[in-house]
Amino acid sequence: MNKKNLVIVESPAKAKTIEKFLGKDYVVRSSFGHIRDLPKKGISIDIEHDFAPTYEIPSDKTKVVGELKKEAKGAEVWLASDEDREGEAIAWHLAEALGLDTKTTKRIVFHEITETAIKNAIAHPRTIDINLVDAQQSRRILDRIVGYELSPVLWKKVRPGLSAGRVQSVAVRLIVEREREINDFQFESSFRVQATFTKNKDEIPAELNKRFSSEEEANKFLELAKTAEFKVKDITLKPSLRNPSAPFTTSTLQQEAARKLGFSVKQTMTLAQRLYENGHITYMRTDSTNLSGLAIASAQSYILDNFGKEYHQVRQFKTKNSSAQEAHEAIRPTHFDKTVSGEDESQKKLYQLIWKRTLASQMTPAKTDKTEIAIGISNHSTLFISKGEMLKFDGFLKVYGGGKEDSILPALSKDDILARQTINAHESFSRPPARYSEASLVKALEELGIGRPSTYAPTISTIQTRGYVEKADLEGIERPAVDLTLEKDTINRSVIDEVYGADKGKLLPTHVANVTTDFLVKYFGDIINSGFTATVEKDLDEVAEGTVIWQKSLKEFYEKFHPLVEKAGDATRQETSQARLLGNDPKSGIPIYARFGRFGPMLQRGEVEDEKKPDFAPMPAGIKLENVTLEEALTMFTLPRLVGNTKEGDEIRANIGRFGPYIQIGKIFVSIKPLDPFTITLEEALELYAKKQETIANREIKIFEKEGISILNGQYGPFITDGKKNARIPKTTEPKDITLEQAKEMLAKAKPARKKITRRRSK
């Protein structure tokens, strides 16, 4: 009997696709991603002994590992995880966990899931590339050290629950600094002059080659234009070529999918992963723009069959990134004759984008004729310029792009006199640098040499989930703009309200991002700058190439990093809170500050060092830390406000807490959103309190008071609790009929309840 062949891949979807190609002699199983990692608790890095890591098999992977061990017994094992560093590390961890010899176990790689690629990989196995494994281990250990040593400093000095990382902190810094550039930007206005001329009823649009800095200058020009003669001074005709772009890398796919399809970076990568696993596209994490000879030949065949030889041109694009080694090819379709692939509309749209871009890269340039007409003004030294472009041959635009004509100008000759129709001078304002979108942030990180294809999407996801960055649509602001129009011999003036700064899907820093970035720049400026982070990436590349020993690289980093952590421990809360003195309380003379607290922006009355502890109050709604006034702060210190009393004589006090406005009656808190704590009436408060009491009453289904066991209605349905454990009640069981014995039995099987963190409300 032949020896069994066990192929281990990362995902079940991939296993299903590959099994179809290999036949009955091969069993394909999935590791479901990583099967070993650093433990969640503790640093698990022995810094004193060459940064030796301690790995463990997580509890949710013990069953998978156990099953793979059984399958591997007496079998020929083929490790077929992804072909990047992460995949190489997964293969190594599998070998270690399954007790396989890392020097002899067969390792196969492929960048597309097609029958040809899989069988070719089986025919040409290699062994685990320990240099790639070391590069991945270095990154993992480096990130663990930074996270383990730096995050606690942030928890103490800035805010609990924050995290820091080499790449994510630089990404946040880019967004913070861009926002500050925008806030500091000084707007300047100028007048753009556009005109429409005619010749034999044909219209010629044109723009003046100068802008005027004031309304007075623009008006003076229009006055001169009333009596001016407009003559064609020069005509330039230039044949032009437009070449196609290179096939997609990870970052260019993320950018183009955002621009053309409106997909987020995370969404693009999820869809691409599905397309790859189902055999529709090549591996989706790559820095390379190369195409294989087979791909170039397949594209050629499709182009010749469907468009003709005049549309075909072989191209091989040179990869810009010198360290591109995450994969060997660009992202491309596996079968060019499949114009549509994917399980749903989103996958189909992304596949079409990849298919078109790859095919276009092997097509001829688009040919256009560009025309530029210079129009002289008899009484002024400036020129009106009219530009037009005519598409002569669509080339690659037949597949990738509309190829529409910008404008076709009428046939004119030098010295032709043109008739003036209208001349418009419109006030416009200079624009600040653009805020980052997810896609443009990826582009910036790539250009700075920060991160790699596998890190872009997780980094952008992390900085949003950690509360450093919010993705938002900006409404913009209205600004009046002067508009002057010369028609016949009359200049008409009007003022138009225009919206500036409106935008969609931009990344905005939160206040915690500003505070954290300032703290990190002050104490870790050498670590969270783009140059240093790019150098670390280069070091990791050298580890992957086998030219640098990974422990040496980590030692150099740690010797620079650790002293900074110790120094940062001396920072004061006052310093990191960015406290801003608003003034003194007129009654007591006590200073009032606006500052950043453990749970966000807040107001403080009094000094931390004083014997009497300071009072705290929430920020007014919609007011930022940097522009709150003393008067607004004093109003907030009037809270909590006594609204009145219940029938039983209990006080009802209105206040604002972390979760918004509320009223408090004894130990009961009631949200009053969207009402205002300063204006809520006694009648409104009593009504909300009555509803809360009704909810509390309905919550209790059955109480076993002696035993401390309750059956309650919860957010997700009825459950049993003893304060330590919660047990869900099956839908088939009537909660009120449950006996004490049954309740105890259900609790015995239940897991301990998650610990709730109660945060103090502002008073």
From a point 7 Å beyond the Cα of Gln316 in the direction of its Cβ, which residues of region 245-267 have a backbone N at a distance under 16 Å?
247
Mind ordering 83-94, 239-250, 422-433 by average Cβ neighbours within 10 Å, highest first?
83-94, 239-250, 422-433
Going through region 528-629, which GluC sites (Glu not before Pro) have at most 15 other Cβ atoms within 10 Å and a DSSP loop state?
Glu607, Glu609, Glu611, Glu626
For region 225-274, just say rounded, prolate or oblate: build the C-alpha gyration tensor, square-root its eigenvalues into a ≥ b ≥ c, call rounded for a/c under 1.5, and beyond that prolate if a/b exceeds b/c, oblate if not.
oblate
Taking R0 as 56 Å, what's the FRET efficiency between Asp483 and Gln715 from their Cβ-Cβ distance, rounded to 0.05?
0.50
Length gained, Lys624-His380, 0.36 nm per residue minus C-alpha separation, equals 82.8 nm
Cα extents of region 577-636 along the three principal axes, largest first, in whole Å?
32, 25, 15
note: region 125-211, Cα-Cα separations exceeding 19 Å make up a percent value of 71
Please express the Cα-Cα pair-distance distribution P(r) of region 1-138 as a list of whole percents, one per 5 Å bin, running from 0 to the bin with the greatest distance.
2, 10, 19, 24, 20, 13, 7, 4, 2, 1, 0
How about region 608-642: which trypsin sites (Lys or Arg not before Pro) there are in a DSSP loop, with at most 11 other Cβ atoms within 10 Å of their Cβ?
Lys612, Lys624
If I model a spin label as a point 7 Å beyond the Cα along the Cα-Cβ vector, how far apart are those points for Gln742 and Thr127 in nm?
6.3
Using 0.36 nm per residue of separation minus the Cα-Cα distance, give me the extension gain between Ile703 and Lys552 in nm, one decimal.
48.0 nm
Let me know the charge dipole size of region 577-636 about its Cα centre in debye, to the nearest 20, where only the beta-carbon of Lys, Arg (+1) and Asp, Glu (-1) is charged.
180
Based on the mean of other beta carbon atoms within 10 Å per residue, what is the order of 50-60, 163-173, 267-277, most packed first?
163-173, 267-277, 50-60
Using 0.36 nm times the number of residues separating Arg493 and Glu207, minus their current alpha carbon distance, what extension gain do you get?
101.0 nm
Compute the distance in nm between two label points, each set 7 Å from the Cα along the Cα-to-Cβ direction, one at Lys367 and one at Ser245.
2.6
Regarding the chain, what is the average projected area of its C-alpha convex hull, in nm²?
48.2
Decide, for region 250-364, between rounded, prolate and oblate: order the square roots of the alpha carbon gyration tensor eigenvalues as a ≥ b ≥ c, take rounded if a/c falls under 1.5, and otherwise choose prolate if a/b is larger than b/c, else oblate.
oblate
Of all GluC sites (Glu not before Pro) in region 332-395, which ones are in loop regions per DSSP and have a Cβ with at most 15 other Cβ atoms within 10 Å?
Glu343
Given a Förster distance of 35 Å, report the FRET efficiency between Lys309 and Val340 from their Cβ-Cβ distance, rounded to the nearest 0.05.
0.85
FRET efficiency (Leu508, Glu684; Cβ distance; R0 25 Å; to 0.05) is 0.15
Run the paramagnetic zone check for Asn584: 7 angstrom along Cα to Cβ, then residues of region 602-621 with backbone nitrogen under 18 Å.
604-612, 614-615
Does region 699-749 classify as rounded, prolate or oblate by the C-alpha gyration tensor (a ≥ b ≥ c root eigenvalues; a/c under 1.5 gives rounded; else a/b over b/c gives prolate, otherwise oblate)?
rounded
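No lab work stands behind these numbers, since they all come straight from the coordinates. Values in this document were obtained by computation on a predicted structure and should not be read as measured data. A quick note on method: Cβ atoms are made from the backbone with ideal geometry, for glycine too, and the neighbour counts reach across all protein chains shown.
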